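**Q** One structure coming up, written as structure tokens, with questions to follow.
The values are calculated or read from the model by the stated rules, or taken from the named source; none is laboratory data. Computed from a prediction, not measured in an experiment: that's the story for all the values here. Cβ sites come from the backbone with ideal geometry, for glycine too, and all protein chains shown count toward neighbours. Heads up: the accessible areas ignore ligands, DNA and RNA and are worked out on the full protein's heavy atoms, side chains in. Shrake-Rupley method; radii C 1.70, N 1.55, O 1.52, S 1.80 Å.
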Amino acid sequence: MNELDQYYRELGLEPGASLEEVNQAYKDLAFIWHPDRIPKDNARLVSKAQDKLKQINEARDRLRSTPKNPHPSNRPSSGYQTHKSSAGYTYSNPPHPGDRTSSHAQGQGHWRSHKPHNPDLTGADLRGQNLREKDLSGRNLSHANLSQADLSDGFLHKINLSGANLQGANLFRANLLQANLTYANLQNVNLIGADLSGADLTGADLRGAKMGTKDRLFVKLIGTKLTGAIMPDGRIHE
């Protein structure tokens, strides 16, 4: 087994898997093995998780940097054309503009998971962007406009969204562990299945946010700070 094949196996993939499959496998494993999900009093498991995370980080980085897939697949080309955004992200326009779900998103392209050269996206205008399943962990998007953006299944660990506008955004099953959402506009967002463990929502506006049913909560809020937050029903959390 050559070195690249070993990296595929490290991510639980068959050699020649697509970049999209590599990214998704990495996110799944990073979510499972992230040390912050392990009880701090279990030093053995924390150490094991740290080692595992290093391994999958190396596997993902090496496979992403491979100039040519040594195991070409028979998958048809998507027909997407790639472009560079001013923020350094690579994104692609689909062959059929009619596939867009909103007029604002047309022409802006689907963001792909290549990390930006400049991680500081303070005040960025990302309205209506398709950021589904993207890895934005640790990014600074304070005061960014993410209204109506699709962030479902995103890996947003320790992201800074302080003062950001996320009105109407889709955060379905998003991983927001230890995220900074202080004074963010979260009106009418979909938070079903999201993990907000350890996140700071001080002063955030959650009016109309989808967090579950009347009798059951479908958002993980272990250790979440909600001081002064406006809850979905309009009451202020104390």
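**Q** Considering each residue of region 126-138, count those that are in a loop (DSSP other than H, G, I, E, B), more than 21 Å from Ser197 (Cα to Cα) and among the polar types (S, T, N, Q), and give that number.
**A** Total meeting the criteria: 1.
**Q** Right, another one. Taking region 1-43 as the region of interest, how many residues are more than 24 Å from Leu221 (Cβ to Cβ), open to solvent by less than 40 Å² (accessible area, probe 1.4 Å) and among the basic types (Lys, Arg)?
**A** Counting residues in region 1-43 that are more than 24 Å from Leu221 (Cβ to Cβ), open to solvent by less than 40 Å² (accessible area, probe 1.4 Å) and among the basic types (Lys, Arg) gives 0.
**Q** Say we look at region 210-238 and pick out the residues that are surrounded by 16 or more Cβ atoms within 10 Å (Cβ to Cβ) and outside any loop (DSSP other than H, G, I, E, B); which of these is modelled with the lowest pLDDT?
**A** Ranking the candidates gives Lys220 first.
**Q** Would you pick out the residues in region 149-159 that are open to solvent by 30 Å² or more (accessible area, probe 1.4 Å) and modelled with pLDDT under 95?
**A** Once the filter is applied, which keeps residues that are open to solvent by 30 Å² or more (accessible area, probe 1.4 Å) and modelled with pLDDT under 95, region 149-159 yields Asp153, Lys158.
**Q** Of the conditions (1) open to solvent by 40 Å² or more (accessible area, probe 1.4 Å); (2) farther than 22 Å from Ile230 by Cβ; (3) of a type outside the set (Phe, Trp, Tyr), Arg207 fails just one. Which one is it?
**A** Against the list (1) open to solvent by 40 Å² or more (accessible area, probe 1.4 Å); (2) farther than 22 Å from Ile230 by Cβ; (3) of a type outside the set (Phe, Trp, Tyr), Arg207 comes up short only on (2).
**Q** Collect the residues in region 171-186 that are surrounded by fewer than 21 Cβ atoms within 10 Å (Cβ to Cβ) and either farther than 10 Å from Thr224 by Cα or at pLDDT 95 or above (or both), keeping them in residue-number order.
**A** Of everything in region 171-186, those that are surrounded by fewer than 21 Cβ atoms within 10 Å (Cβ to Cβ) and either farther than 10 Å from Thr224 by Cα or at pLDDT 95 or above (or both) turn out to be Phe172, Arg173, Tyr183.
**Q** Out of all the residues in region 193-214, is one or more aliphatic (A, V, I, L, M) and closer than 21 Å to Asn23 by Cβ? First the steps, then the outcome.
**A** Going residue by residue through region 193-214, those that are aliphatic (A, V, I, L, M) are 194, 196, 199, 201, 204, 206, 209, 211.
Subsequent filtering for residues that are closer than 21 Å to Asn23 by Cβ retains 194.
For region 193-214, residues aliphatic (A, V, I, L, M) and closer than 21 Å to Asn23 by Cβ: present.
**Q** If you don't mind, another one. Would you tally the residues in region 139-175 being of a type in the set (S, T, N, Q), in contact (Cβ under 8 Å) with a residue 40 or more places away in the chain and part of a loop (DSSP other than H, G, I, E, B)?
**A** Going through region 139-175 one residue at a time, the tally reaches 1.
**Q** For Gly163, are the conditions met, namely being at positive phi and modelled with pLDDT under 90?
**A** Against the criterion (at positive phi and modelled with pLDDT under 90), Gly163 does not qualify.
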